[in-house]
Amino acid sequence: MAIARLHQGPLDGQLLPLEQPDLDRLIVPYSETQVVYERRGEPARTGEGDGPTEIAFWFVESQDDIDPNADGRDD
């Protein structure tokens, strides 16, 4: 099993399971839009007993502008 560790963007720090560890890009739903993360670097934790393999993905773009206060809860 492998997991994607997301860096920067609205999903910074999130972990997602990867069914296909050879993916170069992830397109992830976020609110009413989608965000794109791109694979960078080599997989980490690839040893026998050190947990699931971790692959770093970095924020590239969003389909639309992201408004963190779209629902007005912070007003």
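Modelled with pLDDT of 85 or more and small (Gly, Ala, Ser): does that describe residue 49?
yes
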Taking residue 21 and the conditions (1) open to solvent by 50 Å² or more (accessible area, probe 1.4 Å); (2) assigned to a loop (DSSP other than H, G, I, E, B); (3) in contact with a Lys or Arg (Cβ under 7 Å, 6 or more places away or on another chain); (4) not polar (S, T, N, Q), which numbered condition does it fall short on, given that it satisfies the others? (3)
Enumerate the pairs (first residue in region 1-15 and closer than 20 Å to residue 63 by Cα and part of a loop (DSSP other than H, G, I, E, B); second residue anywhere and open to solvent by 40 Å² or more (accessible area, probe 1.4 Å) and aliphatic (A, V, I, L, M)) with beta-carbon separation below 6 Å, excluding pairs fewer than 6 apart on the same chain, so at least 6 apart or on different chains. 10/66
Cross-chain or 6+ apart pairs with Cβ under 6 Å, region 22-50 first and under 14 Å from residue 61 (Cβ atoms), then polar (S, T, N, Q) and open to solvent by 100 Å² or more (accessible area, probe 1.4 Å): 33/63; 34/63
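The values are calculated or read from the model by the stated rules, or taken from the named source; none is laboratory data. This is a predicted model, so every value here is computed, not measured. For neighbour counting, all protein chains shown are included, and Cβ atoms are generated from backbone atoms with ideal geometry for every residue, glycine included. With ligands, DNA and RNA removed, areas are computed over all heavy atoms of the protein, side chains included. Shrake-Rupley method; radii C 1.70, N 1.55, O 1.52, S 1.80 Å.
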